[in-house]
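Worksheet: one structure, shown below.
The values are calculated or read from the model by the stated rules, or taken from the named source; none is laboratory data. Given the structure is predicted, the values throughout are model-derived calculations rather than measurements. Don't worry about glycine lacking a Cβ; one is built from the backbone with ideal geometry, like all the others, and counts go over all protein chains shown.
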Amino acid sequence: METNTASVICQQLDCGKSRTVSNTESRLKGAPNWLDIVKCRPHDSTLCQCPSSPWGKNKCDDGEVALITCEQKNVALKGTATQSSQYDSYGAAGNAIDGNRNTKYTDGSCTHTKQDSKPWWRLDLQDVFTVTSVTITNRGDCCSERINGAEIRVGNSLDDNGNQNPLCAVVPSIAAGQSSSFQCNWTMGRYVNVVLPKPGILTLCEVEVNGHDSSGYLPLRLQGGNTMCSGRVELWYEGSWGTICDDLWDINDAQVVCRQLGCGTALKAHGNAAFGRGNGPIWLNEVKCWGSELHLWDCPHSLQDHRTSCSHKEDAGVTCEALYQGGLTPLHEAIYEEIEYNLTRGETYRNPRKGSVLSEDVPSGYEDVEDSEGDPLSGTDGKKEYYDDAFPLEKSAGGLSGGFLLAAAGHTMVSLIS
């Protein structure tokens, strides 16, 4: 398996980038191998989009099962922090991003506000990042209940000190001295806030932010749709969100938007403000993507800079395949991919969802990955198969790792091989 393929898998599972790729022995001798010669390209966002040999046709043996290790990156370490107030010399805002999960306050590794009407802590990542998850370590020597009800917000606005940015998660509680992670659904932003929406004291002993740098291209978002992968296309430029005019807007442009947002294949390009009229500037017009670009900014376009004959009744939108449906009825049959996560630092993960890292007391994480019609993953007989089981791999040290195994009802255990 090539590095590009491993990177696509890690990205699809929301596990950061690929760190290592190797072979391992199959745990089920003689089980069929479904995929071989998988060669993902740089613009592929899901495994289903990657070229491979025909489904089930290969000459591999039990010693050629692909094993990959994924690694998240804590982007908070290079940021700067501030807070609504500081209780004393021990409780500086920067203590929460010192890379130290020490939970004893007097050791100088935790933050501490005064009694405020709405205490908050804000991290400036110094650039726009796509945030996948935020991990908070709670104080261990006192007052663990102070974190209860805290909101995690990610975005680019400093209105109300950043406390009105999009909501990532609400912290129900974190046990004293423990860490919990919260998924942020690839939210883009420069600022990460932890805020108590009520009078109280906020104390944090470490805040870790997993994500990747999005500064090389303009952040996109979809608004007004009924899923996270459909809606009016908006992009962040010069400090504000704006829309795109639908002149020349077509399926090739939509394909690039869906790819950039990790939403699979474009199903439709919309015009005439199909998802409602936006507000603010209309940043782009006459976008002319070939469809193979990685980011919308790579496509030929006309940057309007507020000057355009378009109006918001011409706002462009997209509908993407949305491989992760978040509880909606799947578009196609589901394939469950299983990976055993090696949680090396003992954190407790909350609110598991499709595509998320699960709690340590759950033996394995299941991914719902929907297949495209006509893809080799669809099988050869056109009948639906319902995948209902997967076996955990043994844990390995350092990072998140696992071999991919697929099990179909009525079929034997199979493996994804290199």
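Within segment 243-258, identify whether any single residue is free of Cβ contacts under 8 Å to residues at least 60 places away in the same chain, among the hydrophobic types (A, V, I, L, M, F, W, C) and assigned to a strand (DSSP E or B), and answer yes or no. No, segment 243-258 contains no residue that is free of Cβ contacts under 8 Å to residues at least 60 places away in the same chain, among the hydrophobic types (A, V, I, L, M, F, W, C) and assigned to a strand (DSSP E or B). The single condition among (1) buried (at least 24 other Cβ atoms within 10 Å of the Cβ); (2) under 17 Å from Gly155 (Cα atoms) that Cys205 does not meet is (2).
Only a single criterion out of (1) modelled with pLDDT under 85; (2) touching a strand residue (DSSP E or B) at 6+ places or on another chain (Cβ under 6 Å) is not satisfied by Asp298, namely (2). Of the residues Ser181, Ser144, the single one that is polar (S, T, N, Q) and under 26 Å from the mean Cα position of the chain (by Cα) is Ser181. Take the conditions (1) within 10 Å of Cys320 (Cβ to Cβ); (2) assigned by TED's automatic domain parsing to the domain that holds Phe275; (3) not polar (S, T, N, Q); (4) not in a loop (DSSP other than H, G, I, E, B); Leu222 misses just one of them, which is (2). One residue stands out in segment 31-85 among those that are of a type in the set (Asp, Glu), crowded, with 16+ Cβ neighbours inside 10 Å and out of contact with any strand residue (DSSP E or B) (no Cβ under 8 Å at 6 or more places or on another chain): the one that is modelled with the lowest pLDDT, namely Asp62. Per the listing Arg190, Arg101, Arg139, Arg122, the residue uniquely under 14 Å from Gln83 (Cβ atoms) and among the basic types (Lys, Arg) is Arg122. Criterion applied to Cys258, Cys245, Cys229, Cys263 was being over 16 Å from the mean Cα position of the chain (by Cα) and either crowded, with 20+ Cβ neighbours inside 10 Å or closer than 23 Å to Ser157 by Cα (or both), and the one residue passing it is Cys245. Can Thr113 be described as in contact (Cβ under 8 Å) with a residue 40 or more places away in the chain, among the hydroxyl-bearing types (Ser, Thr, Tyr) and assigned by TED's automatic domain parsing to the domain that holds Val207? Against the criterion (in contact (Cβ under 8 Å) with a residue 40 or more places away in the chain, among the hydroxyl-bearing types (Ser, Thr, Tyr) and assigned by TED's automatic domain parsing to the domain that holds Val207), Thr113 qualifies.
Taking the listed residues Ala274, Ala334, the one that is out of contact with any helix residue (DSSP H, G or I) (no Cβ under 6 Å at 6 or more places or on another chain), at pLDDT 95 or above and not charged (D, E, K, R) is Ala274, with no other qualifying. Scanning segment 82-110 for residues that are among the hydrophobic types (A, V, I, L, M, F, W, C) and touching a residue at least 60 places away in the same chain (Cβ under 8 Å) turns up Ala96, Ile97, Cys110.
None of Thr103, Thr69, Thr130 is touching a Phe, Trp or Tyr at 6+ places or on another chain (Cβ under 6 Å) and among the hydroxyl-bearing types (Ser, Thr, Tyr) except Thr130.
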